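To start, the structure under review is shown below, and the notes come after it.
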Amino acid sequence: MKGDTVVIDTSLEHIFEHINQLPVFPKVVFKALKLLDDPDANLKELADLIRYDQGLNANFLRLANSARFGLSRQVTRLDMALALLGIDQIKEVLLVSAAKPYLDKPLQGYGMSGFELWTHSLAITVVSEVVSRKMGIQDSTTLFTACLMHDIGKVAMNVQIGLKNSEILQLVHQENVSFNEAEWKVVGGDHAVVGSEILRQWEFPFEIVRAVRNHHDPDLYIQDELSLWLSSCNTMTTLMGLSYGLDTFMYKIHPDLPKKLGLTYDFLFDVLQDSVIEFEKTRDMLYL
Amino acid sequence: MEKVTVQKGKFIISNDTTIEIVTEFLGASLAVIIYDRVEKIGGILVCMIPKSLMLVMGNDKNVRHGLNTGLPALFKGFMPNSKKENFEIYLVGAGSFLSSPPQFDIGDQLYRTATHILTKNKFEIKGEHIKWQINRSALLNIESGEVKIRLTDGQEIKL
Ligand SMILES: [Fe+2]
Ligand SMILES: [Fe+2]
């Protein structure tokens, strides 16, 4: 340190070393998801699991009351909420409840104020649900989870990017590179690689870790289906106006992406239209 | 000043000079703004897709317009009070990625469709704030006819 100047280490090693300063994603969520995959799932057992984590429990009750889940009445008790929601809905409320404390904060470094990361993260899950329904994707929870957590790396990189963001943007404009390429050039990594490392340490399934790693890199996401879908959902969320901050639209979409997934113009129109309508039902969730 | 928000796939027309019509952040969607300076009537249509997927009928609250049905409906909403020659028309939105296959370049599809329909019907576009890597919203002041663009960082630009 020289005089009063505080030197902040912006190296990627430093970011990786400090990933473990984030509170660990609650393990009880994975236990609960596993329990729900059991055909003889016992809701009492599930309620006991969730109750064990107070923050999760409180968020669960608040979020279950969102118009998104269409409950006919307000629920104030966990057992009641579990009885009224479908299995997939319980999984979604669980994941969203656990993710909320990480994502509902402003990230000035990325130019995101208030609830903008939270809005983006919820919006992409809406798109993922619409896509899963229309494509008949069996394991919709995996895509949902990847979508919900895909930008978690921004949380860890916020301060470092804040110090370098004008340099990154200058590179995007001068050299016509995408935001993630510029992140690599300036800080030696991007929020995708940092996010995937966080999820790996939190023991998320490998394919989700990989999809998050790949979500902005066309050469990587073109190689497997989950990454392709994650990237497509993220792209559509941006088209809907639900991406915020400095990197919005500053990406390159692989020219073969639509062909790889068999996406036609009409399919995309259909997904966008339905997602716009569905997202309106989710808006209340932002403030729950 | 009271702000009234237009949802995507819908339009609002008003002669209430105490309000501003505003859009949500548009992303790739396109806002078509019309102002009649003589009658002080203004309207905004926001479309997410160029063509409607279903038959758009009546006033069902779930109806979402594509440009093909939204534009005629918007113009019809100005009749019989307004004269075509008094229209001031603005286009806002249609943000796009650095590079993208055409399927995902919805903004370009919307912009081309809108300008095609407008020029075919001999309408002039008075101003536009479109394309680029920008997520923005639009505001129309009914009293003054002023159109403003708001960026996600809060910056406002007068069109
Ligand atoms: Fe991202
Ligand atoms: Fe994203």
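The values are calculated or read from the model by the stated rules, or taken from the named source; none is laboratory data. Since the structure is predicted, the reported quantities are computational estimates derived from the model, not experimental observations. All Cβ positions, even for glycine, are placed from backbone atoms using ideal geometry, and neighbour counts span all protein chains on display. Remember, those area values only see protein heavy atoms, side chains included, never the ligands or the DNA or RNA. Shrake-Rupley method; radii C 1.70, N 1.55, O 1.52, S 1.80 Å.
Residue-by-condition table, conditions (1) assigned to a helix (DSSP H, G or I); (2) outside the structural domain of residue A:185 (by TED's automatic domain parsing); (3) closer than 20 Å to residue A:199 by Cα:
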position: A:28; (1), (2), (3): yes, yes, yes
position: A:31; (1), (2), (3): yes, yes, yes
position: A:35; (1), (2), (3): yes, yes, no
position: A:50; (1), (2), (3): yes, yes, no
position: A:74; (1), (2), (3): no, yes, no
position: A:83; (1), (2), (3): yes, yes, no
position: A:90; (1), (2), (3): yes, yes, no
Is one or more of the residues making up segment A:138-150 closer than 25 Å to residue B:134 by Cβ and either touching a strand residue (DSSP E or B) at 6+ places or on another chain (Cβ under 7 Å) or of a type in the set (S, T, N, Q) (or both)?
no
Output yes when any residue across segment A:67-75 is basic (Lys, Arg), within 20 Å of residue A:150 (Cα to Cα), open to solvent by 10 Å² or more (accessible area, probe 1.4 Å) and within 18 Å of the chain's Cα centre (by Cα), and no when none is.
no
Can you pull out the residues in segment A:27-45 that are under 17 Å from residue A:208 (Cβ atoms) and acidic (Asp, Glu)?
A:37
Got a sec? Which of B:61, B:51, B:83 is out of contact with any helix residue (DSSP H, G or I) (no Cβ under 9 Å at 6 or more places or on another chain), at pLDDT below 95 and within 13 Å of chain A (Cβ to nearest Cβ)?
B:61
Which of the following residues is under 30 Å from residue A:164 (Cα atoms) and free of Cβ contacts under 8 Å to residues at least 24 places away in the same chain: A:45, A:13?
A:13
Residues being crowded, with 23+ Cβ neighbours inside 10 Å and part of a helix (DSSP H, G or I): count how many of those fall in segment A:214-233.
7
Going by what's in this entry, would residue A:194 be described as closer than 19 Å to residue A:249 by Cα, touching a residue at least 60 places away in the same chain (Cβ under 8 Å), within 16 Å of ligand 2 (Cβ to nearest atom) and under 15 Å from the mean Cα position of the chain (by Cα)?
no
Those residues of segment A:248-271 which are in contact with a Lys or Arg (Cβ under 9 Å, 6 or more places away or on another chain) and in contact (Cβ under 8 Å) with a residue 24 or more places away in the chain, in sequence order:
A:254, A:267, A:270, A:271
Hey, among A:220, A:230, A:286, which residue is within 12 Å of ligand 2 (Cβ to nearest atom) and under 22 Å from residue A:145 (Cα atoms)?
A:230
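Filter segment B:87-113 down to residues that are open to solvent by 10 Å² or more (accessible area, probe 1.4 Å), more than 7 Å from chain A (Cβ to nearest Cβ) and of a type outside the set (Ser, Thr, Tyr), then give me how many there are.
Residues that pass the stated criteria total 7.
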Would you please list the contacts, defined by Cβ atoms under 9 Å and residues six or more apart or on different chains, that run from a residue in segment B:132-159 that is touching a residue at least 40 places away in the same chain (Cβ under 8 Å) and within 14 Å of chain A (Cβ to nearest Cβ) to a residue that is loosely packed, with under 13 Cβ neighbours inside 10 Å and part of a loop (DSSP other than H, G, I, E, B)?
B:149/B:155
Please go through segment B:72-107 and give me each residue that is closer than 17 Å to residue A:273 by Cα and of a type outside the set (Gly, Ala, Ser), ordered by number.
B:103, B:104, B:105, B:106
Looking at (1) open to solvent by 50 Å² or more (accessible area, probe 1.4 Å); (2) within 14 Å of chain B (Cβ to nearest Cβ); (3) within 15 Å of the chain's Cα centre (by Cα), which is the one condition that is false for residue A:200?
(2)
If only one of A:159, A:186, A:131 is within 16 Å of ligand 2 (Cβ to nearest atom), not in a loop (DSSP other than H, G, I, E, B) and not aromatic (Phe, Trp, Tyr), which one is it?
A:131
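Hey, could you check segment A:234-244 for residues that are of a type in the set (A, V, I, L, M, F, W, C) and assigned to a loop (DSSP other than H, G, I, E, B) and say which is nearest to ligand 2 (Cβ to nearest atom)?
Across segment A:234-244, the extreme among qualifying residues is A:242.
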Failed condition for residue B:25, given (1) within 14 Å of chain A (Cβ to nearest Cβ); (2) within 11 Å of the chain's Cα centre (by Cα); (3) among the hydrophobic types (A, V, I, L, M, F, W, C):
(2)
Lone unmet requirement of (1) within 14 Å of another protein chain (Cβ to nearest Cβ); (2) more than 12 Å from ligand 1 (Cβ to nearest atom); (3) part of a helix (DSSP H, G or I); (4) at pLDDT 95 or above for residue A:144:
(1)
Flagged in segment B:1-22 as within 14 Å of chain A (Cβ to nearest Cβ), open to solvent by less than 10 Å² (accessible area, probe 1.4 Å) and under 21 Å from residue B:144 (Cα atoms), in numbering order, are B:6
Out of segment B:6-38, which residues are among the charged types (D, E, K, R) and touching a helix residue (DSSP H, G or I) at 6+ places or on another chain (Cβ under 7 Å)?
B:8, B:36, B:37
Does residue A:209 fit the bill of being more than 9 Å from chain B (Cβ to nearest Cβ), in a helix (DSSP H, G or I), within 11 Å of ligand 1 (Cβ to nearest atom) and of a type in the set (Val, Ile, Thr)?
no
Name the one entry in A:263, A:286 that is part of a loop (DSSP other than H, G, I, E, B) and surrounded by fewer than 24 Cβ atoms within 10 Å (Cβ to Cβ).
A:263
